[in-house]
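**Student:** Quick one: the structure is below, questions incoming.
Each value in this text was obtained by applying a stated rule to the coordinates, not by laboratory testing. In this text the structure is predicted, and so the values were computed from the model without any measurement.
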């Protein structure tokens, strides 16, 4: 039993890390632009499909892992500049509604280009087998996902806490207008953060590909857990998004194993509990 | 006001006479517009008047549909068709609302979204609700002397209910209660400061919206003779939201107009192309960007139509 438990925990960790990569983009965009990007799941889906085509075209998973997020980031920049920017003066909900429209657009676009059926994505050759970790047999790709995600978490932390760009982002999250007043081109930072968040969404899509395959409704399917993560962790908080992802990852994985009938409900129960006790989330700033 | 009532009455008469001149397909489209019109109006009370943008309105639509399906199978009467679904949805709205109104803005959006997905997950999983396939073969209510299986009698039944709901909701938004809701929309802190129990008003608005969404869901189940977990899915909330935005938030007529535009566009576009969702998404994005007041807002600006 303990071996099973351990394997479950690793699976939950892989899922949690995936959720982290996704939700960190969501939470950065919210922190900076005050926009809950409902199309974030669509970026994830676009990443998976871009990865699919790039792997098929180049035969190289690692190249796809590099290029697909760039492509998705570009799409994100385009969305921000053409559609979101004119809306910053409007009530914030208009921007949420706009991103909602993009869910429809992207999902149908993907169906048009790649068709509606499930497409499996092969893991890179290096991680196509299984390994035994203290008696638990798990696919080596999942181990890679865990390590990759944790390395990304550290890199993101360094970027945000230790670089000039990170300082600008933190300042912008705190008070965008004031940061603009200090001579930072805040518009460009907005575009960059949105594109960066979208690229992270795309990156998590490529990473998720070999585990979850690619299908058009995958974006919406992952959006709900990602939103729950940021609600649990606290909107706009990097640390919250890490802790929230790991909690939700474990809750969902263990729920599926132990209480299959109630599995889909567990993450909502976690969320409702957190919202009742601490409406701003575990690490969020107090609600106004 | 009299002019608007006369206009409304004229439209109702036209809708009532419609089956006499039109074939089955257009009549069914009109019936769908009436049902979705009720659903969109209920959402508009919440979002256009009280300023609470909910992404989880499908929860009540689905509850109404499923309760009607279960109740009508037991006892095909009006209580099963209308009262129970509306009450169950209203009750669920009280519970969900109790949690959701503690937060606002994007948190409210996400919480309501999560609650509705919870119902979707449940309905999708459990066998007593038919799991993935939902419930089929739902009978229409049996009324003495009227056969609702007949498309024309069903049309009368739907239209009658629509008129009652539209007038009822119109009464609600024009009542002192409705004005308090608008006040909350404009400036919640001030309403609180002048002594209104804002939370209680919001909860009541949420419950009222839930009741009518439940009624719409029940009518939808009766119309189709079936209900699936998709009724709970976020796209159902999304479609109602699109209708309200396209029609114009904060006007009940706009919600119905939006429902009509949505359903007519859908049936028109689907005959030419499979890319309905794409066109829907683009239409919606263009409306948010360029026509924030919706069709009604645009008309007002053009011909100086007044609220």
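**Student:** Could you work out how far helix A:2-33 tilts from the main Cα principal axis of chain A, as a 0 to 90 degree angle to the nearest 10?
**Tutor:** Its long axis makes an angle of about 10 degrees.
**Student:** What are the extents of the Cα atoms of chain B along their three principal axes, listed from largest to smallest and rounded to whole Å?
**Tutor:** Result, largest extent first: 53, 46, 41 Å.
**Student:** To continue, here is another question. Semi-axes of the equivalent ellipsoid of region A:104-231: what are they in whole Å, largest first, if each equals the square root of 5 times a C-alpha gyration tensor eigenvalue?
**Tutor:** On the way: eigenvalues 224, 100, 28 Å².
Gyration-tensor ellipsoid for region A:104-231: 33, 22, 12 Å.
**Student:** Something else about it: How large is the direction-averaged shadow of the alpha-carbon convex hull of region B:1-111, in nm²? Could the numbers behind the result be given before it?
**Tutor:** On the way: hull surface 37.8 nm².
If you wrap the Cα atoms of region B:1-111 in a convex hull and average its projections, you get 9.4 nm².
**Student:** Another question about this same structure. Counting only helical runs of four or more DSSP H residues, what would the 222 nm mean residue ellipticity of chain B come to if each run contributes -39,500 (n - 2.57) and the total is spread over all its residues?
**Tutor:** Numbers: 13 runs with 223 residues, N = 307.
Rounded to the nearest 500, it is -24500 deg cm²/dmol.
**Student:** Compute the long axis of helix A:61-79 from its Cα atoms, compare it with the longest principal axis of the Cα atoms of chain A, and write down the angle in degrees, 0 to 90, nearest 10.
**Tutor:** Taking Cα atoms only, the helix is inclined about 30 degrees.
**Student:** Can I ask one more? What's the angle, to the nearest 10 degrees (0 to 90), between helix A:164-174's Cα axis and the longest principal axis of chain A?
**Tutor:** 70 degrees
**Student:** Kindly give the semi-axes, whole Å and largest first, of the ellipsoid equivalent to region B:111-189, taking each as the square root of 5 times a Cα gyration tensor eigenvalue. Don't skip to the end; give the middle numbers.
**Tutor:** Details: eigenvalues 222, 153, 11 Å².
Output for region B:111-189: semi-axes of 33, 28, 7 Å.
**Student:** Remind me, relative contact order of chain B in percent, using alpha carbon pairs under 8 angstrom and six or more residues apart?
**Tutor:** In percent, rounded to a whole number, it is 32.
**Student:** A further question follows. Would you mind pulling out the separation of the Cα centroids of region B:128-206 and region A:227-288, in Å?
**Tutor:** About 32 Å separates the Cα centre of region B:128-206 from the one of region A:227-288.
**Student:** Same structure, new question: Would you kindly give the portion of the calculated P(r) for the protein assembly as shown that falls above 40 Å, as a percent of all Cα pairs? Walk me through the numbers before you get to the answer.
**Tutor:** Numbers: 48894 of 176715 pairs.
Taking all Cα-Cα pairs of the protein assembly as shown, the fraction more than 40 Å apart is 28 percent.
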